[in-house]
Amino acid sequence: MSSKPEKKETHQANGAVLPIVPVDCLTSPDRGQVVEPSNFLGHDGNRVEVVVLESRANAKGVREEDALLENGSQSNESDDTGTDRGPEPASPLKETSFSIGLQVLFPFLLAGFGTVAAGMVLDIVQHWDVFKYVTEVFILVPALLGLKGNLEMTLASRLSTAANIGQMDTPKELWRMITGNMALIQVQATVVGFLASIAAVIFGWIPDGHFSIDHAVLLCASSVATAFIASLVLGMIMIGVIIGSRKMGINPDNVATPIAASLGDLITLALLSGISWGLYKELESKAYVNPLVCAFFIALLPIWIIIAKKNAATREVLYSGWEPVIIAMAISSVGGLILDRTVSDPNFAGMAVFTPVINGVGGNLVAVQASRISTYLHMSGMPGESSETAPRKCPSPCSTFFSSDVNSRSARVLFLLVVPGHLVFLYTISSMQGGHTTLTLIFIVFYMTAALLQVLILLYIADWMVHWMWGRDLDPDNFSIPYLTALGDLIGTGLLALSFHVLWLIGDRDSDVGD
């Protein structure tokens, strides 16, 4: 047998990519026979650690390592250490600013038009009796619309990462991920919907000091039913989007989270309006309907819990994933309180139609960025591991937006989408005569300032939060997006209300209130 070293290759075995080391390393000292790979030990004598580390590096390297880790310094480093790594893919995917923008643009516009439609729906239903006499329903709006951040976007980010690192390649793995995650989001949706109704009752009771048990049960039934049905529908859509993206060669991180929101706001708001209106009509003649609706959806909880517990992929999230969704729901409810106090004020005409748009756009963009950073970190290891990809605790704005790495590049692309995107959405609202208001130059300037400031803050927080969670052994796919989208709701609603208030003070809105 020739003792000449052979080039390193990768070999597929039992679904894992295992390294084949040079023949020199596998031959005995007298080069008389080849030692079995199972007898190949590392310097510390621990064979298992060597194989696992090499397997993970190569398994992820052949997928999107070049796309997500590409920058100037890393390219040079890759050239210098080429002899210590597995072979590069024959045709590596290179994500430029143009390719990122191209992949994000269509889902971003689709999601934006979804938020415009949701705003138009809210502008109409705000005059319904249930919204007039049970005003706490307005507090539910940001909390339930935020479910796309708490649940659907988290699901999209989690499945995108799983798809990118090869955990959904076989039909068995795919089915396991689908069943476990669908059961998980039904548990989360039911619990979060119930808690959101309690928060709405409390926030509605504190300012007025008035409490109605019938209204409280109505809020509970409407919230739980809306959350459950919306999460079921959107979860199925998300799974289809991610599977389709992988088959088409598109990075799911770029399209999954915006599409999660494209129909999310519209479906959720339409369900909330329809269900609350129907239950409100039955309140006087059939008061038992509301408690029965609550009891039905809560009774289904044990079934979903059992399914989620049996799945290893979702068991940990079932136990530990409650803190972000509950805190995010509380943050969104504060934004709902702002909406409840401003939507009926003539000086804030247009708040109902513009609030879902500014909140939806900001949440969509920051969810894309958080999902991308999370996948980037997963390429290098597991949460909590010491990694060169998560070196900073509090990044500077310059490193977030102006460095040469791919995440900074995507942050710039996403930020640059804000103004043209909102201009399209504002024109659409104006053409449909939504919001009972006309667009003036000064209004557009104030609105754009609020939108840009919101996204700027969210992208910076995302860069810090994802790395911070990663360093503390928390999976950003499960923890970061709920916080970020909830902050987007609060910041967006607050800045929009502030803009309307300033415009009222300077007299610009007086002449803009429509018929």
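Would you mind stating whether Ala227 is open to solvent by less than 50 Å² (accessible area, probe 1.4 Å) and assigned by the TED database to the domain that holds Lys132? Give the steps one after another, and end with the answer.
Values: open to solvent by less than 50 Å² (accessible area, probe 1.4 Å): yes; assigned by the TED database to the domain that holds Lys132: yes.
Here the answer is yes, as Ala227 does meet what is asked.
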Pick out the one residue from Leu439, Leu417 that is touching a Phe, Trp or Tyr at 6+ places or on another chain (Cβ under 9 Å) and surrounded by fewer than 17 Cβ atoms within 10 Å (Cβ to Cβ).
Leu439
Test Val233 against the stated conditions and say whether it is within 18 Å of the chain's Cα centre (by Cα) and buried (at least 23 other Cβ atoms within 10 Å of the Cβ).
no
Kindly indicate the residue of the stretch 456-489 that is over 18 Å from His378 (Cβ atoms), among the aliphatic types (A, V, I, L, M) and within 16 Å of the chain's Cα centre (by Cα) and also surrounded by the fewest Cβ atoms within 10 Å (Cβ to Cβ) among those meeting that condition.
Ile461
Can you go through Gly180, Gly204, Gly193, Gly149 and tell me which one is modelled with pLDDT under 85 and under 21 Å from the mean Cα position of the chain (by Cα)?
Gly149
Considering residues of the stretch 270-297 that are open to solvent by 70 Å² or more (accessible area, probe 1.4 Å) and assigned to a helix (DSSP H, G or I) only, the residue nearest to Asn478 (Cα to Cα)
Phe296
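Does any residue of the stretch 151-160 turn out to be hydrophobic (A, V, I, L, M, F, W, C), in contact (Cβ under 8 Å) with a residue 24 or more places away in the chain and surrounded by fewer than 22 Cβ atoms within 10 Å (Cβ to Cβ)? Full working, then the answer.
Going through the stretch 151-160, the residues hydrophobic (A, V, I, L, M, F, W, C) turn out to be 151, 153, 155-156, 159.
Checking which are in contact (Cβ under 8 Å) with a residue 24 or more places away in the chain leaves us with 151, 153, 155-156, 159.
Right, trim to surrounded by fewer than 22 Cβ atoms within 10 Å (Cβ to Cβ) and you get none.
Within the stretch 151-160 (the criterion being hydrophobic (A, V, I, L, M, F, W, C), in contact (Cβ under 8 Å) with a residue 24 or more places away in the chain and surrounded by fewer than 22 Cβ atoms within 10 Å (Cβ to Cβ)), the answer is no, since none of the residues qualifies.
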Scan the stretch 182-196 and tell me whether some residue there is farther than 20 Å from Leu271 by Cβ and either of a type in the set (Gly, Ala, Ser) or out of contact with any Gly (no Cβ under 9 Å at 6 or more places or on another chain) (or both).
yes
Restricting the search to the stretch 84-126, which residues are modelled with pLDDT of 80 or more and outside any helix (DSSP H, G or I)?
Gln126
Here the residues within the stretch 438-497 that are at pLDDT 85 or above and among the acidic types (Asp, Glu) are Asp463, Asp489
Suppose the filter is outside any helix (DSSP H, G or I), open to solvent by 10 Å² or more (accessible area, probe 1.4 Å) and more than 26 Å from Ala200 (Cβ to Cβ); does Ile250 pass it?
yes
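Assess whether Ile267 counts as being surrounded by 13 or more Cβ atoms within 10 Å (Cβ to Cβ), without any contact (Cβ under 8 Å) to a residue 40 or more places away in the chain, out of contact with any Cys (no Cβ under 6 Å at 6 or more places or on another chain) and among the hydrophobic types (A, V, I, L, M, F, W, C).
Values: surrounded by 13 or more Cβ atoms within 10 Å (Cβ to Cβ): yes; without any contact (Cβ under 8 Å) to a residue 40 or more places away in the chain: yes; out of contact with any Cys (no Cβ under 6 Å at 6 or more places or on another chain): yes; among the hydrophobic types (A, V, I, L, M, F, W, C): yes.
Taking the combined requirement at face value, the residue satisfies it.
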Would you confirm whether or not the stretch 323-335 contains a residue that is of a type outside the set (A, V, I, L, M, F, W, C), part of a helix (DSSP H, G or I) and farther than 24 Å from Leu269 by Cα?
yes
For Ile139, state whether it is over 26 Å from Leu377 (Cβ atoms), in contact with an Asp or Glu (Cβ under 9 Å, 6 or more places away or on another chain) and not hydroxyl-bearing (Ser, Thr, Tyr).
yes
Residues that are at pLDDT 80 or above and open to solvent by 30 Å² or more (accessible area, probe 1.4 Å), drawn from the stretch 379-402
Phe402
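The values are calculated or read from the model by the stated rules, or taken from the named source; none is laboratory data. Note that this is a predicted model, so its numbers are computed, not measured. Cβ: placed from backbone, ideal geometry, glycine included. Neighbour counts: every protein chain shown. Note: accessible area is taken over every heavy atom of the protein model, side chains too, but ligands, DNA and RNA are not part of it. Shrake-Rupley method; radii C 1.70, N 1.55, O 1.52, S 1.80 Å.
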